[in-house]
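Participant: Sharing a structure, written as structure tokens. Questions coming.
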Amino acid sequence: MGKTYRAVEITKPGTFHLVERSVVAPGTGQVRIRVEACGVCHSDAATVDAQFPGITYPRVPGHEVIGHIEEVGPGVTTWKVGQRVGVGFFGGEDGTCEACRRGESAYCQNPIMTGITSDGGYAEMMIAEARALALIPDELKSEDAAPLVCAGITTFNALRNSGRANDTVAIQGLGGLGHLGVQYAKKMGFRTVAIGFGPDKEHLAPKLGAHVYIDAKSEDAGVALQKLGGADVILATAPSGAAIASLLPGLKVRGKLVVVGVSGDPIPINGGPLIFGGRSVIGSLTGRAIENQDTLDFSVLTDVRPMIETLPLAKAEEAYKRMMSSEARFRMVLKMA
């Protein structure tokens, strides 16, 4: 093992630097991971574009991290050197806030956020909290597993916690989140509706598992959903408040509009459809390490895989820009070797 490793640092908003860092030993309760792949996620903008308040630089982004454990720190008894593991957005909880004490550690009020409050996976090595790890099944390639520990768990958890078998479930957007959401919805036994914006992805919808495709550019998606009898659940993945709000009339009575795409604009909600249909708008975050394990295992069991493009670590800035401009189809992943 060498004494240094390569990492991509953000030194100020929008500025990428490929640097050499000294290898450090993991602390108590931590492991050092030799990174093999790291997904490039829209949430990386929290670091790259300083969207997270109070962020400090330099910082290594990346929270879809897959690699092998190279060293374990003091007190780590449940993981061992050589295991292939993944780390997602949540790198650890404080265990003492009210949310944690009530068993909602995914909503910890003082979390470690991988690549935001701690250094992430745009690097050949990374220090991670052992409690944040998930074991990667042998059937998954590292580059395929990377998007699953963020985009995967985000859509998987939102769907399994909101719907029941045979529900009509609509997935808004067929991008990095949506193309996984459609696959999970079909595999969970839902009547799956894909909502896109234009005809260009209509051919992809049935390949991913959608039973119906709605082009929201040519027709009102809410009206189209009601023609199908209404949706029990709509998973909103596109980051547009106006587009999300337009879906509300497409819900059945007691239907749920589940928002996982963070929009820069407000979501303008009319109280009428909410009140007179008992409908609800809820948010859903990613999940705990054990739920990441569920996501990975379910993906292997049902053959869910992300559609990815890969680039080497040295081209992290290019990968990030391709992702942010929606040029990637559908997830960018950095490969270290």
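Since every read-out is calculated from the coordinates, none of them should be taken as a lab result. Just so it is clear, the structure is predicted and the values come from calculations on it, not from any experiment. Ideal geometry is used to build each Cβ from the backbone, glycine not excepted, and the neighbour counts take in all protein chains shown.
Participant: Would you mind checking LYS187/LYS207; LYS186/LYS321; LYS315/LYS335; LYS201/LYS252 for any pair whose Cα atoms are more than 21 angstrom apart? Don't skip to the answer; put the middle values down first.
Facilitator: Working: LYS187/LYS207 13 Å; LYS186/LYS321 31 Å; LYS315/LYS335 10 Å; LYS201/LYS252 26 Å.
Violating the 21 Å limit, Cα to Cα: LYS186/LYS321; LYS201/LYS252.
Participant: Right, something else. Identify all aspartates and glutamates with a Cα-Cα distance to LYS256 below 12 Å; exclude those on the same chain that are fewer than 8 residues away in sequence.
Facilitator: Cross-link targets: ASP167, ASP232.
Participant: Moving to a separate point now. Modelled label-to-label distance, ILE290 and ARG305, 7 Å Cα→beta-carbon offset: nm?
Facilitator: Reported label-point gap for ILE290 and ARG305 is 3.1 nm.
Participant: For every helix of n ≥ 4 consecutive DSSP H residues, a contribution of -39,500 (n - 2.57) applies; sum these over the chain, divide by its total residues, and give [θ] at 222 nm rounded to the nearest 500 deg cm²/dmol.
Facilitator: Numbers: 11 runs with 79 residues, N = 337.
Result for the chain: -6000 deg cm²/dmol, rounded to the nearest 500.
Participant: Shifting gears a bit: When the Cα centres of region 69-133 and region 158-229 are compared, how far apart do they sit, in Å?
Facilitator: Using only Cα atoms to place each centre, the spacing works out to 33 Å.
Participant: Rounded, prolate or oblate for region 1-71? Axes are the square roots of the Cα gyration tensor eigenvalues, ordered a ≥ b ≥ c, and the cut-off for rounded is a/c under 1.5. Working shown, then result.
Facilitator: Details: a/c = 1.86, a/b = 1.63, b/c = 1.14.
Prolate shape, in that a/c is at least 1.5 and a/b is the bigger ratio.
Participant: Okay, next question. Considering only LEU285, TYR320, PRO268, whose Cα is most displaced toward the positive end of the charge dipole of region 249-329, charges sitting on Cβ of Lys, Arg (+1) and Asp, Glu (-1)?
Facilitator: My answer, from the dipole projection, is PRO268.
Participant: Separate question: Find the relative contact order for the chain and round it to a whole percent, using C-alpha pairs within less than 8 Å whose residues are 6+ positions apart.
Facilitator: Values: 827 pairs, mean separation 60.0, N = 337.
So the answer I get is 18 percent.
Participant: Per residue, how big is the convex hull of the chain when only Cα atoms are used? Give it in Å³.
Facilitator: Values: hull volume 45.0 nm³, N = 337.
Dividing the Cα hull volume of the chain by its residues yields 133 Å³.
Participant: What ranking do 98-108, 292-302 get when scored by the average of other Cβ atoms within 10 Å per residue, highest first? All intermediate terms of the calculation are to be shown ahead of the outcome.
Facilitator: Numbers: 98-108: 14.8, 292-302: 19.6.
My ranking of the peptides, most packed first, is 292-302, 98-108.
Participant: At 7 Å along the Cα-to-beta-carbon direction for both ASN270 and LYS12, put a label point, then send me their distance in nm to one decimal.
Facilitator: In this crude label model, ASN270 to LYS12 measures out at 4.8 nm.
Participant: Kirkwood-based Rg over Rh for region 295-337 (C-alpha set), two decimals?
Facilitator: Ratio of gyration radius to Kirkwood radius for region 295-337: 1.09.
Participant: If you don't mind, another one. What is the magnitude of the charge dipole of the chain about its Cα centre, with +1 placed on the Cβ of each Lys and Arg, -1 on the Cβ of each Asp and Glu, and no other charges, expressed in debye to the nearest 20?
Facilitator: Working: 34 positive and 35 negative charges, 97 e Å.
The calculation lands at about 460 debye.
Participant: Further question: Pulled fully out, how much extra length does the chain show between VAL23 and SER325, if you take 0.36 nm times their separation in residues and subtract their Cα-Cα distance?
Facilitator: Values: separation 302, 0.36 × 302 = 108.72 nm, distance 3.39 nm.
105.3 nm is the gain from fully extending VAL23 to SER325.
Participant: Just the ratio, please: alpha-carbon radius of gyration of region 231-328 over 2.2 N^0.38 Å, N its number of residues. Working shown, then result.
Facilitator: On the way: Rg = 17.4 Å, N = 98, 2.2 N^0.38 = 12.6 Å.
Its radius of gyration relative to the 2.2 N^0.38 Å reference: 1.38.
Participant: Continuing with the same structure: Under a Cβ-Cβ cut-off of 9 Å, what is the net charge of the residues other than VAL81 that fall near it, where Lys and Arg count +1 and Asp and Glu count -1? It would help to have the intermediate numbers written out before the result.
Facilitator: Working: positive: LYS80; negative: GLU70, GLU71.
After counting each charged neighbour, the total is -1.
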